[in-house]
Amino acid sequence: MTSPKRLALAAIILGAGAALVYRLATPRPDRKPPLMSEMGYLLTLPNLAGKPVSLSDFKGKVVLIDFWATWCEPCREEMPGLLKLHEKFKAKGFTVLGVSMDEEGVRAVKRFLIKQPIDYPLVLNGGERPPRGWLIPGLPTAYLIGRDGGVIKRWFGEKDMTEIEAFVNAALAQK
């Protein structure tokens, strides 16, 4: 193959690869979030002690599932707000469920907890690949789950704590 043909083929392959990466990494409005009623509470991951924790363990509560990582700066910046939210509403049936996406798993999270204690439940995903059925285009990502197990709202990227609080209040008001 001559040099111009090789260059053209390489450009086509690189262009197709870039288009594929862009398509997979870009959130699309036609991709719906998981519906818990359809999923049957499919989220079971180990906690820091290795014991399995399922979203179904929180049935009847309002749960903010927060997908985060210790290396994610926006995730770390949100921690104080999530801790305050958890503390404010836990007696009313609300909890935050932190899902660590760290490759290092428990070791990374335990190191992080020395600097930033967290009093809401934490589970380990064991890497950046989303749990089956969950759309996580980047970190942080969060889903607000109602008492009935249905997805109320999702957030991709940094969250406005005032907005989350309003959604949590509304979800807690529904019996």
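With distances taken between every two different alpha-carbon atoms, segment 35-109 has a Kirkwood hydrodynamic radius of 13.5 Å. Pairs exceeding a 27 Å alpha-carbon distance, out of Lys115/Lys175; Lys61/Lys159; Lys84/Lys110; Lys61/Lys115; Lys88/Lys115: Lys115/Lys175; Lys61/Lys115. Ordering Thr95, Thr162 from the fewest to the most neighbouring beta carbons within 10 Å gives Thr162, Thr95. Counting pairs of alpha carbon atoms under 8 Å apart in space and at least six apart in sequence, what relative contact order in percent does segment 72-129 give? Relative contact order for segment 72-129 comes out at 39 percent. The value for segment 44-175 of Rg(Cα) / (2.2 N^0.38 Å) is 0.97.
Readers should treat all values here as calculations from the given coordinates under stated rules, not as data from a laboratory. Remember, predicted model here, so these are calculated numbers, not experimental data. As a convention, Cβ positions derive from the backbone with ideal geometry for all residues, glycine included, and neighbour counts pool all protein chains shown.
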